[in-house]
Amino acid sequence: MQEDKVNTAAESRGLVKSPQDMFAGLFIVAFGLFCLWASSNLTGGRGANLGPGSFPRGLSFLLMAVGSIIIVQALTVVGPRLEAWSIRGPVFVLGSVLVFAATIRGTTLNIPGIGRTDLIPPLGLIVAGPMTLVLASLATTERNWFQTIVFAASMTAFCILLFKVALRLPIPVAPWAGW
Amino acid sequence: MDMIANLALGFGVALTLKNIGLCLLGCLIGTLVGVLPGVGPIATIAMLLPITFGLDPVGALIMLAGIYYGAQYGGSTTAILVNIPGEATSVVTVLDGHQMARNGRAGAALGISAIGSFFAGCVATIVIAALAAPLTRVALLFGPAEYFSLMVMGLIFAVVLARGSVVKAVAMVLCGLILSTVGQDLETGADRMTFRWPELSDGIDFTTIAMGMFGFAEILRNLENPETRDVLRNRIGSLLPNWEELKQSIMPVLRGTGLGATLGILPGNGAVLGPFASYTLEKKIAKDPSRFGKGAIEGVAGPESANNAGAQTSFIPLLTLGIPPNAVMALMVGAMTIHGIVPGPQVMEKRPDLFWGMIASMWIGNLMLLVINLPMIGVWVKLLKVPYRMLFPSILMFCCIGIYSVNNNPFDVMITAFFGLVGYAFLKMGFEVAPLLLGFVLGKLMEEYLRRSILMSRGDWSVFVDVVNRPISAALIAIAVILVVLSLLPSITKKRDTVFVE
């Protein structure tokens, strides 16, 4: 399988022999630069006394060096193309996780000029659960609404019984009703 | 003998009703996780950490350990019956195991893998018990410089053993190390790379990285490649191998156990090599190598034993030196820290009940797994029929509740989603994320030991390679350098690729 990929990729190559590695190398160099900038306000050490900035900065330089090696490899060794990113999976899967985070205890934002504002009230597991499950289910193209809704309801009930009733984790189930 | 007295103490701890129950629960969850493809032990242990908060440390670790080696058993079931590895370590079992199933010997394949694993598990338990005390004494000779060098060597091992490009694996280790520095500096209290976010000043929680990059990114990848599950429809048949098959398996089981146990002790995830090494060895010394790939029982017996032996002996670096050799052990460090235990040589002295109780529980767990796996095989096969479209939302839900419960903080859940996206991007760029997690876990310790060594040597960076005063440290660095050189030699690189392709 790997072989096929390399062979088909080898047909048309200009300067960049391995686009996947090129991208990877650029990313690592950029991340190294970012870390260097982020740790630039920290004091480095002198002599025997390494400061809080020494280790992160040293690592940033190493990252940039390793990233450059990957870039050089991408220019010399033939490798796989960049794979296409799917949109549906990441949007619905990660979206459903964010929805859980935003609704489980509500969201309060500190907006400059207005002050602390409640954007979303605390909804608890009983609402956040089914929302997360249904939204996540949208990540596949198979659709069976009846099944999805029954599944979301029973899974939420199971989680409440397991985590709140049996294991007594302090997770809000229905905060508006004081549970 | 000390060892027998110690094991007796351990069995005393492990054989309480509560700990037997937790061990059984861990083994059951582990088997479940192992059977279901696309759900790994890393994500599961991360997911279940909050559940263990309410337990005492001994019980918590017994259960988590059960999940880990239980998953090794379960993974082989999927490999044999469905032709996809349930776990990364059962990749090799697929080759001959599934062919045996096609030939109507599914029962025998399952049987021998369970028996081989049980035998390997028993031997590995004894190895841990025997080696723990002497290795702990060695560890007490270690100063900061030795620890730093040992961690460098461990990370180099992990890099060399990772799949794919060595340079890319180095990049991942460095990313992990640098992520570990986020948050307050332990010595000076300075906020590092927090961008004035109060949430970040305690550092990044390792469960958020583990679950995001392993749990969520894995789901995203699985959604892209819908697998076809071709569950075997033939009858499984008798679970006991016949006399002929048993005779053929004895030597492979012994050799596999030896190989797996030895490789498992190496820092840097040597355990993954066990099954590959065992399969290659069996094929090489077989009278008729052409039988391999067509249902040779040696090709199941050897690797399965190696796999289980390695899974268990990889506890040794963690328990004696306090250095996790792979991502799962890294999570065990987290579990221990949550319960206020610093892993390392002092655990055996200060908490003998915990140390020996956990080791004894491994033997009990292996016995349980034999019982869980063989007669209950039908139940696990049914589980394979749960469609992924119901499985993955449930995993997501458990993850969300799990991460939220670590600190009761929704912000952690958002961070995890972010790391899920990062993990997905890494997959697309051809990075393997396991070295990142290892780097992240070792990062704080490494920095601390580095700073202490340099302080003690008054700024002299040559302490790590000082052959006269610090021979252990110099030897460890030398091994690391040799490893790097070897891994970059073209002939070895080629061989390494073929090992992973097979």
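The values are calculated or read from the model by the stated rules, or taken from the named source; none is laboratory data. Predicted model only: the values in this text are computed from it and were never measured. Because the Cβ atoms are built from the backbone with ideal geometry, glycine has one as well, and the counts that use them run over all protein chains shown. Ligands, DNA and RNA are stripped out before the accessible areas are found, and what is left, the full protein with its side chains, is counted by its heavy atoms. Shrake-Rupley method; radii C 1.70, N 1.55, O 1.52, S 1.80 Å.
Has the range B:162-177 got at least one residue that is surrounded by fewer than 19 Cβ atoms within 10 Å (Cβ to Cβ) and under 17 Å from the mean Cα position of the chain (by Cα)? Yes, that holds for at least one residue.
Within the range B:42-67, the set of residues being buried (at least 24 other Cβ atoms within 10 Å of the Cβ), modelled with pLDDT under 80 and farther than 19 Å from B:Met397 by Cβ is empty. Taken together, A:Ser60, A:Ser68, A:Ser40 contain a single residue that is in a helix (DSSP H, G or I), among the polar types (S, T, N, Q) and either over 20 Å from B:Ala169 (Cα atoms) or in contact with a Leu (Cβ under 7 Å, 6 or more places away or on another chain) (or both), which is A:Ser60. When B:Phe419, B:Phe464 are checked against the criterion of being among the aromatic types (Phe, Trp, Tyr) and within 11 Å of chain A (Cβ to nearest Cβ), B:Phe419 stands alone in meeting it. Of the residues contained in the range A:88-108, one or more are found to be surrounded by fewer than 22 Cβ atoms within 10 Å (Cβ to Cβ), more than 10 Å from chain B (Cβ to nearest Cβ) and closer than 29 Å to B:Ser201 by Cβ. Among the residues of the range B:206-224, are any assigned to a loop (DSSP other than H, G, I, E, B) and either of a type outside the set (Asp, Glu) or crowded, with 19+ Cβ neighbours inside 10 Å (or both)? Taking every residue of the range B:206-224 in turn, none turns out to be assigned to a loop (DSSP other than H, G, I, E, B) and either of a type outside the set (Asp, Glu) or crowded, with 19+ Cβ neighbours inside 10 Å (or both).
Tell me, which residue of the range B:161-183 that is of a type outside the set (A, V, I, L, M, F, W, C) and more than 9 Å from chain A (Cβ to nearest Cβ) is farthest from B:Ala335 (Cα to Cα)? Explain how you work it out, then say what you get.
First, the residues of the range B:161-183 that are of a type outside the set (A, V, I, L, M, F, W, C): B:163-165, B:168, B:176, B:180-181, B:183.
Cutting the leftovers down to more than 9 Å from chain A (Cβ to nearest Cβ) gives us B:163-164, B:176, B:180, B:183.
Working: B:Arg163: 27, B:Gly164: 30, B:Gly176: 19, B:Ser180: 17, B:Gly183: 20 Å.
Ranking the candidates gives B:Gly164 first.
Of everything in the range B:400-416 that is part of a helix (DSSP H, G or I) and open to solvent by 40 Å² or more (accessible area, probe 1.4 Å), the residue that is farthest from the other protein chains (Cβ to nearest Cβ) is B:Asn407.
For B:Phe419, indicate whether it is touching a Gly at 6+ places or on another chain (Cβ under 8 Å) and of a type in the set (Phe, Trp, Tyr). Yes: the conditions hold for B:Phe419.
Filter the range B:28-41 for residues that are surrounded by 24 or more Cβ atoms within 10 Å (Cβ to Cβ) and more than 21 Å from B:Pro324 (Cα to Cα); which is modelled with the highest pLDDT? It comes out as B:Thr31. Number of residues in the range B:369-424 that are closer than 20 Å to A:Ser86 by Cβ and among the charged types (D, E, K, R): the value is 1. Can we say A:Val78 is part of a helix (DSSP H, G or I) and surrounded by 11 or more Cβ atoms within 10 Å (Cβ to Cβ)? Against the criterion (part of a helix (DSSP H, G or I) and surrounded by 11 or more Cβ atoms within 10 Å (Cβ to Cβ)), A:Val78 does not qualify.
Being assigned to a helix (DSSP H, G or I) and crowded, with 24+ Cβ neighbours inside 10 Å is the filter here; which residues of the range B:424-439 pass it? So that I can check it myself, show each step before the final result.
Of all residues in the range B:424-439, those assigned to a helix (DSSP H, G or I) come to B:424-428, B:434-439.
Residues satisfying the conditions are B:Tyr424, B:Ala434, B:Pro435, B:Leu436, B:Leu437, B:Leu438, B:Gly439.
Determine if the range B:313-335 includes at least one residue that is within 14 Å of another protein chain (Cβ to nearest Cβ) and either without any contact (Cβ under 8 Å) to a residue 24 or more places away in the chain or over 23 Å from B:Arg137 (Cα atoms) (or both). The answer is no; no qualifying residue exists. Whether a residue is among the polar types (S, T, N, Q), within 18 Å of B:Val386 (Cβ to Cβ), assigned to a helix (DSSP H, G or I) and open to solvent by less than 10 Å² (accessible area, probe 1.4 Å) was assessed, and B:Thr93 does not pass this test. A:Gly113 passes every criterion in (1) open to solvent by less than 60 Å² (accessible area, probe 1.4 Å); (2) at pLDDT below 90 apart from (1).
Applying the selection to the range A:128-179, what residues are surrounded by fewer than 13 Cβ atoms within 10 Å (Cβ to Cβ), assigned to a helix (DSSP H, G or I) and facing chain B (nearest Cβ under 9 Å)? Scanning the range A:128-179 gives no hits.
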